[in-house]
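A quick write-up on the structure given underneath.
The values are calculated or read from the model by the stated rules, or taken from the named source; none is laboratory data. Here the structure is a predicted model, which is why all the values come from computation and not from measurement. Cβ: placed from backbone, ideal geometry, glycine included. Neighbour counts: every protein chain shown.
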C-alpha cells in the first residue's frame, strides 16, 4: 500500500484539540464503508442495519477488537421510532392492545435493556451526546 491508498484522519479531543492522527484505507476488500465510516469485516453492528447504520459515527479499536461506535441519541431515536411503528402495525392489524401500553416507553426500555445493556468484547458502544447525562 502506498500513500495514495490511504486517507489521513485527525482525531480530536473533547475541547477540539488534535490528539492523534491515523491513516485508514480508502478502499479494502475486508472493510465496508457504512454511513461514511470504514468498518472492518466481523465488526458487530446493530440490527436492523437499514435503520441503525444511520447512527454509526465511527469504529473504535482496543485489544485487537473493533467496536462499532454509534450516536446514543440517534440510536435511541431510531429504537423508539421502530417501537412506535411496530405498535401502529399491530393496532392496524387488529391486535388486541393494552390501553396502558406506551410504545415510546417500550422503545426506551428496549434500548436501555437490550441495546445498550448488551456488553462484551466487540459489542457496539455508544457515544454520549451533549444532552446525555
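A few remarks follow.
- Only one of the numbered conditions (1) in contact with a helix residue (DSSP H, G or I) (Cβ under 7 Å, 6 or more places away or on another chain); (2) within 23 Å of residue 35 (Cα to Cα) is violated by residue 84, and that is (2).
- Candidates 104, 74: the one that is under 25 Å from residue 42 (Cβ atoms) and at pLDDT 95 or above is 74.
- Residues located in region 103-116, provided they are under 22 Å from residue 67 (Cβ atoms), out of contact with any helix residue (DSSP H, G or I) (no Cβ under 8 Å at 6 or more places or on another chain) and surrounded by 11 or more Cβ atoms within 10 Å (Cβ to Cβ): 112
- Hits in region 45-104 (condition: within 10 Å of the chain's Cα centre (by Cα), in contact (Cβ under 8 Å) with a residue 60 or more places away in the chain and part of a strand (DSSP E or B)): 57, 58
- Selection count where residues are under 15 Å from the mean Cα position of the chain (by Cα) and either without any contact (Cβ under 8 Å) to a residue 12 or more places away in the chain or assigned to a helix (DSSP H, G or I) (or both), scope region 111-121: 7
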